[in-house]
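Peer 1: Encoded as C-alpha cells, here's the structure I'll be asking about.
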C-alpha cells in the first residue's frame with residue numbers, strides 16, 4: 001500500500017499548482033478525486049460520487065490506522081470527494 005501511495009504522490013505532485021491559499025496536499029486530493037470521478041462516471045454517471053467518497057473515506061481510515069506515518073484529515077476526504085463531484089460533472093455535462 002505504501003508503494004502505491006508513494007507512486008501516486010510522485011505523479012500527482014507534478015500536477016499541482018503553486019498556490020499560497022490551497023496546499024499541495026489538498027490539490028493532489030482534488031486531482032485524484034477528479035480522475036476517479038471521470039473514470040467512475042463513464043460507467044455510473046453521477047452515481048460515481050458515492051464510490052469516490054467511499055474510496056476517500058477508506059484512504060483516511062488507512063491514514064488513521066497508520067497515524068505514525070500518515071495524518072488523517074476530514075479536509076482530505078472533502079477535497080477528494082469534491083474532486084469526484086467535479087470529475088462526474090465534467091463527464092455528464094460534456
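Peer 1: Among the listed residues 65, 14, identify the single one that is at pLDDT 90 or above and out of contact with any helix residue (DSSP H, G or I) (no Cβ under 9 Å at 6 or more places or on another chain).
Peer 2: 65
Peer 1: Residue 19 fails exactly one of the following numbered conditions: (1) on the phi < 0 side of the Ramachandran plot; (2) in a helix (DSSP H, G or I); (3) in contact with a helix residue (DSSP H, G or I) (Cβ under 8 Å, 6 or more places away or on another chain). What is the number of that condition?
Peer 2: The single condition residue 19 does not satisfy is (2).
Peer 1: How about the stretch 43-56: which of its residues are under 21 Å from residue 2 (Cα atoms) and touching a helix residue (DSSP H, G or I) at 6+ places or on another chain (Cβ under 6 Å)?
Peer 2: 52, 53, 56
Peer 1: Can I ask one more? Is the stretch 56-64 home to any residue that is assigned to a loop (DSSP other than H, G, I, E, B), more than 15 Å from the chain's Cα centre (by Cα) and free of Cβ contacts under 8 Å to residues at least 12 places away in the same chain?
Peer 2: Among the residues of the stretch 56-64, not one is assigned to a loop (DSSP other than H, G, I, E, B), more than 15 Å from the chain's Cα centre (by Cα) and free of Cβ contacts under 8 Å to residues at least 12 places away in the same chain, which makes the answer no.
Peer 1: Also, I was wondering about something else. Which of (1) within 20 Å of residue 3 (Cα to Cα); (2) modelled with pLDDT under 95; (3) within 11 Å of the chain's Cα centre (by Cα) does residue 34 not meet, given it meets every other one?
Peer 2: Every condition holds for residue 34 apart from (1).
Peer 1: Can you spot a residue in the stretch 29-38 that is free of Cβ contacts under 8 Å to residues at least 24 places away in the same chain and either farther than 24 Å from residue 92 by Cα or out of contact with any strand residue (DSSP E or B) (no Cβ under 6 Å at 6 or more places or on another chain) (or both)?
Peer 2: no
Peer 1: Residue check: is residue 70 at pLDDT below 90, exposed (fewer than 15 other Cβ atoms within 10 Å of the Cβ) and out of contact with any strand residue (DSSP E or B) (no Cβ under 6 Å at 6 or more places or on another chain)?
Peer 2: Here the answer is no, as residue 70 does not meet what is asked.
The values are calculated or read from the model by the stated rules, or taken from the named source; none is laboratory data. Remember, predicted model here, so these are calculated numbers, not experimental data. In this analysis, Cβ positions are derived from the backbone assuming ideal geometry, glycine residues included, and neighbour counts consider all displayed protein chains.
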